[in-house]
Amino acid sequence: MAIPVMLIVATIVFALVHLTPGNPAALMLGPQATPGQVHALMAQMGLTKPLFVQYEDWLVALLHGNLGESIFLNEPVTTAILQHVIPTLLLTAVAFVFSLVIGLSVGVMAARRRGSRADQLLMVAAMIGMSLPEFWGGLLLMLVFAENLRVLPAAGYAPPSLDIWIWLRYLLIPGFIMGFVQSALVARMTRATLIEVMGQDYIRTARGKGVSEGVVIRRHAMRNALVPIVTVVGNLLIIFLGGDIAMETIFTIPGVGYLLYSSVLQRDYPIIAGISVLFGILYVVVNVLIDLSYLLIDPRVRY
Amino acid sequence: MHNRTKGVAAAGMVVSMAALLAGCGSSTPAATAPPKAQSVLTVATIGDPPSLDPQATTANITADDMQGVFQYLFTFAQGYKIVPMLASSYTVTDGGKLYTIQLRHPVLFQNMHHMTSADVVASLNRWMQVSPIGQNDAKAYGMTASADGKYAIKIQLSQPYAQLLGDLAMWYGGPAIYPASVVKATGTGPLKTYIGTGPYKFVKWIPGRYLEVKKFPQYSQSNLPASWYGGKVTGTVDEIKYIPVPSEPTRLAGLISGQYDVAESLDPSAYQQVASNSALKPEVVKPFAYPMIVFNKKQGLMTNVKIRQAFLAALNMKDLLLAGFGNPKFFDVTGSLYPKQQPEWYSTVGTSAYNQANPTLAKKLLAEAGYHGQPVRWLVSQQYLFLYKMAEAAVPMLQKAGFNVKLDVVDWATLVQERNNPALYDAFFTYNAFSPEPPVSAAWTDPAWPGWWTNAQAQQLLKQLAATTSLSKRQAIWAQYQKLFYQRVPLVDPGQFYNFEAISTKVHGFVPTYSPFFYDVSVK
């Protein structure tokens, strides 16, 4: 089922990319080029062939695992994506940690204090978090921590092999904002699911046996609440791994999001199509992993 | 799952994460720290260049980023005067059709090979195939290049072309000189080896992270006095890093926080913030560029000159420029097609039709043209926000004059494509860099360029301009051209605008010019 889905995704992506106005030849030659010069370069690039022929060539190559060559980077699409995927992975890791730590803590606190003023305040904070535009929050933190306090850099990226602390300092602001915004969803799902689980008989039994509240929550309630939480968290992973275009562009992190943004502006068709196809594959893979994780979490689940 | 298995799984995850972190450097580019340089200049630019080959693209950022690496036969001294650079001297004979150019020698390429006429001829021949400007010179003027001994070349033209030296000096789509071996290996394909004769040599380009150039210790200096891009320029900082920072607030924040030494193309609204910061210095680059509302003269409403004249008559140029740039420091309301900073070409001849802000006259012209409220489709992009703001400000002015304006807002790549189709628009908004000599913009010179100005008299004047080397005669021709421009209104040029850059006060010796250069600059 995954393969037909992927083929459909690939076809739609190809069509969208090539039918969108704009072409890479004009952008490559610059503003002084005449239409004739642009057309000549397009012919050189193979872009004047009938669309169906271009699609056929691309699909055959795709089926052989070849995503083509980037028009502007002059290297295989796979190489370009691999070079950009590590910063995205690392930014994802930082954002993921923030979203889990904040989201789970807030969710558990709110569930334990259900109906109280604290619960209401925490959920309002979660709503604000969900509504916060990431780019605005990011620029605000940049103003405070980079411009005014000068404790963090404004933008950029360094690999962790250079210096782990320099690496972390570059990713702290964008990772925090990404994680904070998405933690709201984790918090709300955690609260809702925990409240439902905490009303179960076995929780009442555990409390009746004198088990401490912390152990009740950690060992009994959370374990049973995990399935929907893992679903939300898994989808978060997909969102993060797809590359956060806004954050990567504002903070100049050379990840997949930044690559996609610059490729769309330049109409680097092979890169746009390649990232879209890989994102489709990623979506399928992560969802399979989420489904498999249910087996580990809940022994009652059987496929 | 058994507890022991869980523990092993958890340990495995921790080990995998550690391996990922440790291995991340090796699978990312630039895994090793660069060797410590004595002085490093960090420049925040507007983004990644489309390529590093200035011959193959007229995109400014390519030549800007490689300014220290590549050189040209001629270049621009202070005031944009054209001076020899890799040339030492030249003669023009055969009625302006034959240029014999002596080459400066010895000149070393960064691969330690000596430059000879073979390298220059190979570079020029490639340029005439890949550059929009080179292709035009080859086609319109029959340009050919050949060696004349080891250290001289001949450029033969089919007709005189007074702007040839300007084309040979121009950075954007200009004939950067490469080794013949590189040209042979590359052909007309994308350049993959970046070897020039400049005081900096290319080290590394990681798109999205930085472009790094380092001082070339064996750089062959000219003996002429240093003046802007020409003469005895020296690469004084050891290393220059161009960091692509597409977000303008981030460029500013990075400059303020000390992360960058130079921030290019800032919003004029940040001028006061920079000026009041004692660690920074604002720089206004004059001249810089001019907006152009280009009319579709091939098809549709704007084939009618009275409608174009009405469009011009309706506009208040000061208000337009204020809408676009905010701060009067960054624009000049002038009808001269050349800015005041270029006094040789600055002229007010024929400019009475500029900045009329006269809706009554515009209505009269529209009535004479038989205009009945048909929509005027104006292509504009928000990618250059100043153009969009100007278009928004223009709409009520035009409506007051009786125009029915429909702004078609698209992204830049779409605009660049759609402007080639005369069925899709009546006007499109773009801008053009200033040129050292008139006119280098295809919008004015090339009937095949979108807008399609095929006016026979204009073409004749341009031919005369190209054929005349006498400055006073060229100025007289240019004045006639400007007069015709305002009579026929092929496009609207609202005025001149300037660029805003800012530098750290640690940087000394920086001269703000159109294409930033960092010769004779120090970082303390």
Test each condition in (1) more than 14 Å from chain A (Cβ to nearest Cβ); (2) at pLDDT 90 or above; (3) open to solvent by 10 Å² or more (accessible area, probe 1.4 Å) for B:Trp452 and report the one that comes out false. (1)
Determine if the stretch B:407-425 includes at least one residue that is of a type outside the set (A, V, I, L, M, F, W, C) and more than 14 Å from every other protein chain (Cβ to nearest Cβ). no
Which one is nearest to B:Tyr514 (Cα to Cα), of the residues in the stretch B:314-333 that are touching a residue at least 60 places away in the same chain (Cβ under 8 Å) and assigned to a loop (DSSP other than H, G, I, E, B)? B:Val333
Going residue by residue through the stretch A:34-42, is there one that turns out to be part of a loop (DSSP other than H, G, I, E, B), under 30 Å from B:Tyr290 (Cα atoms) and not aromatic (Phe, Trp, Tyr)? yes
Quick one: which residue in A:Arg204, A:Arg219, A:Arg188, A:Arg223 is crowded, with 21+ Cβ neighbours inside 10 Å and of a type in the set (Lys, Arg)? A:Arg188
Would you call B:Ala394 more than 27 Å from B:Lys318 (Cβ to Cβ), modelled with pLDDT of 95 or more and of a type outside the set (Ser, Thr, Tyr)? no
The stretch B:279-324, residues that are in contact with a strand residue (DSSP E or B) (Cβ under 9 Å, 6 or more places away or on another chain), among the small types (Gly, Ala, Ser) and closer than 26 Å to B:Ala253 by Cα: B:Ala279, B:Ala289, B:Gly324
Pairs only if they're at least six apart or on different chains, beta carbon under 7 angstrom, first in the stretch A:251-276 and within 16 Å of A:Glu134 (Cβ to Cβ) and within 7 Å of another protein chain (Cβ to nearest Cβ), second open to solvent by 30 Å² or more (accessible area, probe 1.4 Å) and among the hydrophobic types (A, V, I, L, M, F, W, C); list them, first residue then second. none
Looking at this structure, is B:Gly231 closer than 25 Å to A:Gly137 by Cα and not hydroxyl-bearing (Ser, Thr, Tyr)? no
Specify which of the listed residues (A:Pro174, A:Pro159, A:Pro153) is more than 30 Å from B:Val274 (Cβ to Cβ) and surrounded by 21 or more Cβ atoms within 10 Å (Cβ to Cβ). A:Pro159
Out of all the residues in the stretch A:140-150, which are out of contact with any helix residue (DSSP H, G or I) (no Cβ under 6 Å at 6 or more places or on another chain) and open to solvent by less than 50 Å² (accessible area, probe 1.4 Å)? none
Sort out which residues of the stretch B:93-123 are among the hydrophobic types (A, V, I, L, M, F, W, C), crowded, with 18+ Cβ neighbours inside 10 Å and farther than 27 Å from B:Thr513 by Cβ, and write them in order of number. B:Val121, B:Ala122
Could you count how many residues in the stretch A:55-82 are closer than 17 Å to B:Pro207 by Cβ, in contact (Cβ under 8 Å) with a residue 60 or more places away in the chain and not in a loop (DSSP other than H, G, I, E, B)? 5
Kindly evaluate A:Val17 against the criterion of being crowded, with 17+ Cβ neighbours inside 10 Å, touching a residue at least 60 places away in the same chain (Cβ under 8 Å) and under 22 Å from A:Val284 (Cα atoms). yes
Could you tell me how many of the residues in the stretch B:73-88 are modelled with pLDDT of 95 or more and open to solvent by 50 Å² or more (accessible area, probe 1.4 Å)? 1
Restrict the check to the stretch B:334-355 and report whether at least one residue is open to solvent by less than 20 Å² (accessible area, probe 1.4 Å), in contact (Cβ under 8 Å) with a residue 40 or more places away in the chain and under 22 Å from B:Leu385 (Cα atoms). yes
Residues of the stretch B:247-275 being buried (at least 21 other Cβ atoms within 10 Å of the Cβ), more than 7 Å from every other protein chain (Cβ to nearest Cβ) and either free of Cβ contacts under 8 Å to residues at least 12 places away in the same chain or not in a helix (DSSP H, G or I) (or both), in sequence order, are B:Tyr260, B:Asp261, B:Val262, B:Ala263, B:Glu264, B:Leu266
For the condition open to solvent by less than 30 Å² (accessible area, probe 1.4 Å) and touching a strand residue (DSSP E or B) at 6+ places or on another chain (Cβ under 7 Å), what is the one hit in B:Val409, B:Val395, B:Val416? B:Val395
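The values are calculated or read from the model by the stated rules, or taken from the named source; none is laboratory data. Values in this document were obtained by computation on a predicted structure and should not be read as measured data. Positions of Cβ are generated from backbone atoms using ideal geometry, with glycine treated the same way; all protein chains shown enter the neighbour counts. The protein model used for the area step is the full one, side chains on, heavy atoms only, and it has no ligands, DNA or RNA in it. Shrake-Rupley method; radii C 1.70, N 1.55, O 1.52, S 1.80 Å.
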